[in-house]
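Q: Take a look at the following structure, please.
None of the figures in this text is laboratory data; all of them are computed from the coordinates on show. Here the structure is a predicted model, which means the values were calculated and not measured. For neighbour counting, all protein chains shown are included, and Cβ atoms are generated from backbone atoms with ideal geometry for every residue, glycine included.
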Amino acid sequence: MSVNTDKGGTEKLNPRIKKRIPLSTLRRFVMLGIIALFLLQFLRIKILVGGLTGSLALWFVNLIDVFAFLENLFSSKDLTVIALVSVLPVFAIYTIIGRAFCGWVCPMDLLFEMVDRVKGLRLNIRKGKEKIGYGLAGILLIVSALIGIPFFTNYLSHLTNFFRFLTGGIFLVLRLPVDNTVIVFSVGMIVLFLILDYIFPRLWCRTLCPVGKVYGLFNKLSLIRIKFLEGECGECHYCEELCYMQVKLTPYLDRKSLRDSNCIYCGRCVDACNTKGRLIKIGFRRTG
Amino acid sequence: MKLSRRKFIEILSISPALIAGNGLTVFKQAFTEDETGPLPDIDAGGLIRPPGALPEREFRSRCIGCGVCVNVCHVMKYDAIAIAGLKDIKNFGTPFIKNMRDFPCGLCMECPAKCPTGALRPVNKEEVKMGMALIDFSLCFGWNGDVCLSCSKACPLGAGVFDFFYGEWGNQPYINDNCVGCGLCVKYCPLGGSAVKVIRRERYTEVKEKYTAEFRKLLSMPPEERYNIVYGMNMPEIMARGKIVEREYR
């Protein structure tokens with residue numbers, strides 16, 4: 001994550017001269033690494049047990065997704081110490097890294113990128129409308145409170161269904177008890193998400209996903225931020241073109257840093273700028 | 001192993017067909033289920049929850065279906081907990097003990113301790129209320145002229161749960177209200193298809209009167225009548241089950 005600052009954008013460096021691992025590659029490794037750690041549980045290795053909605057790290061730290069916690073709170077109408085203790089570590093993590101979960105951990109990002117390689121009918125909605133997600137999250141919470149079931153997390157969630165599919169598939173192969181309708185349902189849900197992504201690229205991440213929206217709120221108070229180095233911008237807008245979340249970067253170049261609630265810190269803008277001006281990087285402190 | 005290009009292309013072309021075929025069988029199996037167990041006229045009254053579960057309504061409002069308990073159960077080598085399917089749409093995604101015949105709960109009490117939402121709460125082994133095991137008197141060896149006692153030997157709570165009525169018709173076991181419903185007796189019953197069934201506690205309170213009446217009737221039955229029941233009706237059924245239901249120990 002460290003970019004040598006003094007060179008800045010004044011010098012147009014050829015990327016072949018100084019090689020560093022692109023963030024896009026790095027985050028792919030992180031993502032697959034975390035999924036691999038989850039897969040170790042099927043060999044009975046207790047590093048990460050569970051899924052990305054709720055898990056158990058190192059066999060003693062309970063973790064629960066923040067939106068799942070909210071749904072649990074609304075549907076049970078009761079704040080329990082157990083759930084609170086489980087959500088606190090996650091809360092702490094996201095006050096540091098903000099919405100980086102979406103770009104660095106969420107397996108849907110990997111699947112969506114595979115969909116991106118398929119050419120065809122892609123409708124790109126290039127307008128804001130990011131506020132819809134907050135409304136949707138609110139509606140889902142109210143639905144959960146009304147029916148007394150954590151609705152999104154239990155039925156619709158891409159994370160729950162992804163890990164249900166993993167567990168179900170592996171249990172099916174190992175001939176352990178598994179309800180086959182669960183596998184059929186979770187595969188169906190994942191396919192629906194992929195079809196949605198095929199027609200509207202990244203609409204789910206950008207506008208709808210309530211899990212990401214809640215993490216987006218953390219972006220406003222997190223330590224991580226996009227930083228702009230001093231230098232001359234070539235106005236190529238390549239960074240904005242590559243950005244999955246359609247974050248506007250160029251108007252804020254004089255600000256030195258940016259914390260947009262939609263930014264997933266995937267680092268595609270960093271990689272984009274590295275081919276041209278080397279102005280953008282991701283860092284933690286305000287200066288430097 | 002060296003893989004020639006031709007072989008690789010062969011595997012590549014076969015694998016989608018394999019995956020599709022497997023998917024089709026999963027899809028077919030998903031909506032069919034065959035079950036011949038003991039006590040066919042008493043249903044389980046819902047899903048048998050993992051130990052430490054809150055009352056059904058509260059449990060449902062708290063469980064987010066994350067699957068930690070399922071995977072904890074797998075790590076502890078019991079594999080008892082599964083995720084409920086679409087048959088009961090309200091309980092979809094919640095954990096339950098699916099197949100007690102092969103994968104009963106071992107009462108290791110790890111899943112309630114590890115549940116991140118508090119839908120399962122830590123309790124003592126003896127205070128678990130997963131369900132209630134009922135013996136089918138018409139199938140049990142002990143009630144039909146044998147001395148088996150496999151269920152009582154398998155029970156993790158042992159003498160606190162089992163009562164024995166010794167007589168000329170065998171060493172007749174009876175499971176009392178202290179049963180926690182873990183299902184270990186279901187697994188270790190030697191009868192084809194098991195002679196023990198675990199039902200929910202709520203269902204047990206409904207059928208308790210009828211069940212204990214049958215139990216008392218059998219104990220106080222005159223020997224001739226009992227002889228006819230045991231050798232006329234029950235034994236042929238037990239023998240037939242031994243032939244029909246193949247048992248593959250896991």
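Q: Please list, by residue number, everything in the range B:111-147 whose backbone N is under 13 Å from a paramagnetic label point 7 Å out along Cα→Cβ of B:E237.
A: Residues B:135-141, B:143-144 qualify, since their backbone N sits under 13 Å from the label point.
Q: Something else about it: Plugging the Kirkwood radius over Cα pairs into Stokes-Einstein for the protein assembly as shown, at a temperature of 4 °C and a viscosity of 1.567 mPa s, what D comes out in µm²/s?
A: So the translational diffusion coefficient is about 49 µm²/s.
Q: Once a ≥ b ≥ c are taken as the square roots of the eigenvalues of the Cα gyration tensor of the range B:153-230, is the result rounded (a/c under 1.5), prolate (a/b larger than b/c) or oblate (a/b not larger than b/c)?
A: The shape class here is prolate.
Q: Follow-up question, since we're still on this one. Just to confirm the number: angle between the C-alpha axis of helix B:235-244 and the first principal axis of chain B, 0 to 90 degrees, nearest 10?
A: 10
Q: Now for a separate question. Sequence gap at least 6, Cα distance under 8 Å: using those rules, report the relative contact order of the range B:131-245 to the nearest whole percent.
A: Answer for the range B:131-245 is 32 percent.
Q: For the modelled label position 7 Å from the Cα of B:T36 along Cα-to-Cβ, which residues of the range B:114-149 have backbone nitrogen atoms closer than 19 Å?
A: B:136-141, by backbone N distance to the label point.
Q: Now a separate question. Calculated FRET efficiency, B:K217 and A:V85, Cβ-Cβ r, R0 45 Å, to nearest 0.05?
A: 0.30
Q: Mean separation of Cα pairs under 8 Å and 6+ residues apart, divided by the residue count of the range B:47-130: what relative contact order is that in percent?
A: 42 percent.
Q: Calculate the mean, over all residues of peptide B:91-98, of how many other protein chain Cβ atoms lie within 10 angstrom of the residue's Cβ.
A: 4
Q: Sequence-distant or interchain residues sharing an amide H contact under 5 Å with B:G170, placed H: which?
A: Close amide H contacts, sequence-distant or interchain: B:G145.
Q: Other chains near B:99-107: what is the mean number of their Cβ atoms within 10 Å of each residue's Cβ?
A: 1
Q: List, in order, the whole-Hz ³J(HN,Hα) value for each residue of the range B:136-145 obtained from phi through the Karplus relation with A = 6.51, B = -1.76, C = 1.60 and θ = phi - 60°; use x for Gly and Pro.
A: Coupling constants for the range B:136-145: 7, 5, 7, 10, 5, 4, x, 8, 10, x Hz.
Q: Check which residues have an amide H placed less than 5 Å from A:I149's amide H, if you skip close sequence neighbours.
A: Long-range HN contacts for A:I149: none found.
Q: In cubic angstrom, how much convex hull volume per residue do the alpha carbon atoms of chain A span?
A: Output value, Cα hull per residue: 155 Å³.
Q: Longer than 32 Å from Cα to Cα, which of A:K227/B:K114; A:K77/B:K77; A:K77/B:K129; B:K7/B:K77 are they? Say none if no pair is.
A: Distance filter (> 32 Å) returns A:K227/B:K114; A:K77/B:K77; B:K7/B:K77.
Q: What ranking do A:66-79, A:131-144 get when scored by the average of other Cβ atoms within 10 Å per residue, highest first?
A: Those peptides, ordered most packed to least, come out A:66-79, A:131-144.
Q: For a test of the definition: using alpha carbon positions, the gyration tensor, and the 1.5 limit on a/c, classify the range A:207-288 as rounded, prolate or oblate.
A: Oblate, since a/c reaches 1.5 and b/c is not below a/b.
Q: Taking a virtual spin label 7 Å from the Cα of B:K208 along the C-beta vector, which residues in the range B:98-131 bring their backbone nitrogen under 18 Å of it?
A: Residues B:127-131 fall inside that zone.
Q: Can I ask one more? Within the protein assembly as shown, what percent of beta bridges assigned by DSSP are antiparallel, to the nearest 5?
A: Here the antiparallel bridges make up roughly 95 percent for the protein assembly as shown.
Q: Using a simple spin-label model with points 7 Å from Cα along the Cα→Cβ vector, what separation in nm is obtained for A:E241 and B:N22?
A: So the two model labels end up 4.2 nm from each other.
Q: If you don't mind, there's one more thing I want to ask. From the backbone phi of the range A:236-243, what are the Karplus-calculated ³J(HN,Hα) couplings (6.51 cos²θ - 1.76 cosθ + 1.60, θ = phi - 60°) in whole Hz, Gly and Pro given as x?
A: 7, 6, 5, 4, 6, 5, 7, 4
Q: 222 nm [θ] for the protein assembly as shown, helices only, -39500 (n - 2.57) per DSSP H run of 4+, per residue, to 500?
A: -12500 deg cm²/dmol
Q: Just want to confirm a number: the relative contact order over chain A, from Cα pairs under 8 angstrom separated by 6+ residues, in percent.
A: Once normalised by length, the contact order is 27 percent.
Q: In whole Hz, with x marking every Gly and Pro, tabulate ³J(HN,Hα) for the range B:117-128 from phi via Karplus 6.51 cos²θ - 1.76 cosθ + 1.60, θ = phi - 60°.
A: Ordered by residue, 3J(HN,Hα) equals 10, x, 6, 10, 10, x, 9, 6, 3, 6, 9, 5 Hz.
Q: Give me the one-decimal nm value for the distance between modelled label points at A:R44 and B:R57, 7 Å along each residue's Cα-to-Cβ direction.
A: Each label point lies 7 Å from its Cα, and together they span 4.1 nm.
Q: What is the total of Lys pairs in the range B:131-245 with C-alpha atoms under 23 Å apart, excluding same-chain pairs fewer than 8 positions apart?
A: For the range B:131-245, qualifying lysine pairs total 10.
Q: Note the angle between two axes, namely the Cα long axis of helix B:201-219 and the longest principal axis of the Cα atoms of chain B, as a number of degrees from 0 to 90, rounded to the nearest 10.
A: Once rounded, one gets 40 degrees.
Q: If you count, for every residue in A:55-65, the Cβ atoms of partner chains within 10 Å of its Cβ, what is the mean?
A: Across A:55-65, the average partner-chain Cβ count within 10 Å equals 4.
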